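The structure appears right after this line, and notes come after that.
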Amino acid sequence: MTAPVPRGACRGQATAGSKTRAAAIFLAAVAWAGPARAEVGAAASAYSDYQFRGYSLSDSRPVAILDLSYDLPTGLYASASGSVVASRGHGIQPLRLALNGGYATTAWRGVTADVGVIHARYSRYSGLTVDRAYTEVYAGLAAKMAGARVSLSPDYLGYARWTLRGELSGHVDLSPTLGVTGVAGALVPLDERYVGATRATWDARLGIAKRIGRVSLQAAVTARGKGGDLYGARSRRRAALIVGISSPL
């Protein structure tokens with residue numbers, strides 16, 4: 001296990017509060033910029049584990065998530081996501097807060113281009129041993145059944161080291177109420193001092209979702225390859241099975 005990193009030793013953590021405030025101000029500006037016909041959405045979900053790029057960031061514990069979204073006809077969008085975890089020995093505790101904003105437009109027929117930024121913070125109950133945060137800018141293309149995205153972070157999880165991630169995703173509807181999704185990606189540290197390695201770490205996720213009325217029942221298998229321990233997470237499992245349920249509000 002990677003030893004806990006002192007907060008004072010991480011420039012990314014030292015400025016995480018200001019980055020969160022800046023992200024919140026940006027999202028507020030997006031929300032106030034649009035007309036009344038903008039679309040507002042909300043969804044609640046619960047999962048047996050919170051897997052992020054092949055790692056459990058809930059210490060392999062159940063989580064509950066609330067997602068809020070705001071989409072403008074101009075293509076600007078903003079979202080916020082908050083989650084809690086059934087922690088070990090401390091009951092229900094805050095887990096993650098993420099703020100996301102960007103712009104999406106039709107690049108050509110059937111293909112959407114998307115650029116944006118996300119900032120996320122994880123609490124000490126995440127299994128990361130200490131509070132962590134990261135900011136990523138991203139750009140991607142998405143069609144009806146497939147998509148691709150590239151993300152760049154200057155301070156991945158508070159280490160103030162650059163990382164690059166590439167990701168491919170796909171979706172197939174087996175019926176009007178049953179769908180299969182898949183995601184595969186690789187994270188590459190761009191600084192050789194980053195946890196002592198520059199080798200890419202791959203991860204993959206294959207999931208199935210069944211819609212029953214307004215409720216969606218989900219199951220997924222995740223896996224990851226060997227690589228430098230970028231997360232310092234307690235869980236060392238390289239594969240996991242997750243089940244969950246979600247519903248729009």
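The values are calculated or read from the model by the stated rules, or taken from the named source; none is laboratory data. Bear in mind that the values here come from a model prediction, so they are computed numbers and not experimental data. For neighbour counting, all protein chains shown are included, and Cβ atoms are generated from backbone atoms with ideal geometry for every residue, glycine included.
Quick notes on this structure:
- From the options Leu206, Leu152, Leu178, residue that is of a type in the set (A, V, I, L, M, F, W, C), at pLDDT 95 or above, over 25 Å from Asp114 (Cβ atoms) and touching a strand residue (DSSP E or B) at 6+ places or on another chain (Cβ under 7 Å): Leu178
- Screening the candidates Gly140, Gly166 for the property of being surrounded by fewer than 17 Cβ atoms within 10 Å (Cβ to Cβ) and under 27 Å from Asp49 (Cβ atoms) yields one hit, Gly166.
- In segment 83-110, residue modelled with the highest pLDDT [restricted to those that are farther than 28 Å from Ser123 by Cα and among the polar types (S, T, N, Q)]: Thr105
- If the condition is being assigned to a loop (DSSP other than H, G, I, E, B) and either within 21 Å of Asn100 (Cβ to Cβ) or modelled with pLDDT of 95 or more (or both), then segment 125-136 contributes Leu128, Asp131.
- Within segment 47-61, the set of residues being part of a strand (DSSP E or B) and over 15 Å from the mean Cα position of the chain (by Cα) is empty.
- Segment 61-78, residues that are farther than 14 Å from Arg96 by Cα and in contact with a Phe, Trp or Tyr (Cβ under 9 Å, 6 or more places away or on another chain): Ser69, Tyr70, Asp71, Thr74, Gly75, Leu76, Tyr77, Ala78
- For Ser79, the criteria (1) crowded, with 18+ Cβ neighbours inside 10 Å; (2) within 23 Å of Ser48 (Cβ to Cβ); (3) small (Gly, Ala, Ser); (4) within 19 Å of the chain's Cα centre (by Cα) hold in every case but one, which is (2).
- Count of residues meeting criterion [assigned to a strand (DSSP E or B), hydrophobic (A, V, I, L, M, F, W, C) and under 20 Å from Trp202 (Cβ atoms)] in segment 137-179: 6
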